[in-house]
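The values are calculated or read from the model by the stated rules, or taken from the named source; none is laboratory data. Because the structure is a prediction, the values reported are computed rather than measured. Don't worry about glycine lacking a Cβ; one is built from the backbone with ideal geometry, like all the others, and counts go over all protein chains shown.
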Amino acid sequence: MIAGFDPDFVSYNKGLELQRDIHQQVVARHRQDTVILLEHTSVYTAGKRTQDSERPDDGTEVIEVDRGGKLTWHGPGQLVGYPIMRLPEPFDVVGYVRFLEQVLIDVCADFGLETERVAGRSGVWAPHQGSLVKVAAIGIRVSERVAMHGFALNCSNSMEAYDHIVACGIEDAGTSSISELTGSLVTPAMAAERVKIRLTDVAKVVI
């Protein structure tokens, strides 16, 4: 399901309302697994483990959310995906996160960007100038065996918003985007087309 891309950005609260509505339908088995793809208006969101020292240093508003993970940013140029999916029994939350990571690793590869996992840290990382930078974040919640929230893939967004926070609680690593690392413009709408293909390679979902 495409909820909105530039210039039709979706506010975080509207996206959350849509997520919750679809989650209830999937839990009740009134709807198939569904993936929402969109671009948000600029916003910081804080997962349940966020510490005060990680919050914006400029007083910007932060929305508290019920997902795992810590503080992150969403906004124009970033592809956000919310897979509302029933996990198999017995469900494996770590395995589901690894599944999402692999989808994003494959999507990045489609645009010529080599990425990888980092032990002990969720998300997707790319080698850059002798170090690793984060290009995608993952934060999920599972309720009644159905997952919600999901991933954020930096496509063509500015990195300026990350200058004011400790993104994902990680102080010793930077953040980048597919466009910045490849030198070619990759928009969220372009990346979404690859996500559709990669997700349906490994799961039966409605996008």
Legend entry - Residues that are surrounded by fewer than 18 Cβ atoms within 10 Å (Cβ to Cβ) and either in contact with a His (Cβ under 9 Å, 6 or more places away or on another chain) or in a loop (DSSP other than H, G, I, E, B) (or both), drawn from the stretch 78-90: L87, P88, E89, P90
Legend entry - From the options G95, G4, G81, residue that is of a type outside the set (K, R) and on the phi > 0 side of the Ramachandran plot: G4
Inset, instruction - Within the stretch 126-139, track down each residue that is under 18 Å from L71 (Cβ atoms) and crowded, with 22+ Cβ neighbours inside 10 Å. - result: K134, V135, A136, A137, I138, G139
Inset, instruction - Give H40, H23 a once-over and let me know the one that is modelled with pLDDT of 95 or more, surrounded by 13 or more Cβ atoms within 10 Å (Cβ to Cβ) and touching a His at 6+ places or on another chain (Cβ under 6 Å). - result: H40
Inset, instruction - Looking only at the stretch 140-155, count how many residues are in contact with a Pro (Cβ under 7 Å, 6 or more places away or on another chain) and part of a loop (DSSP other than H, G, I, E, B). - result: 1
Inset, instruction - Six or more apart or on different chains, Cβ under 8 Å: which pairs go from a residue in the stretch 52-64 that's within 18 Å of G139 (Cβ to Cβ) to one that's loosely packed, with under 14 Cβ neighbours inside 10 Å? Could you list them? - result: I63/N13
Legend entry - The lone exception for E17 - which of (1) at pLDDT 90 or above; (2) surrounded by fewer than 18 Cβ atoms within 10 Å (Cβ to Cβ); (3) under 23 Å from C108 (Cα atoms) it fails: (3)
Inset, instruction - Would you be able to tell me the number of residues in the stretch 107-125 that are of a type outside the set (A, V, I, L, M, F, W, C) and crowded, with 18+ Cβ neighbours inside 10 Å? - result: 3
Legend entry - In the stretch 47-74, residue farthest from A161 (Cα to Cα) [restricted to those that are surrounded by 20 or more Cβ atoms within 10 Å (Cβ to Cβ) and among the hydrophobic types (A, V, I, L, M, F, W, C)]: L71
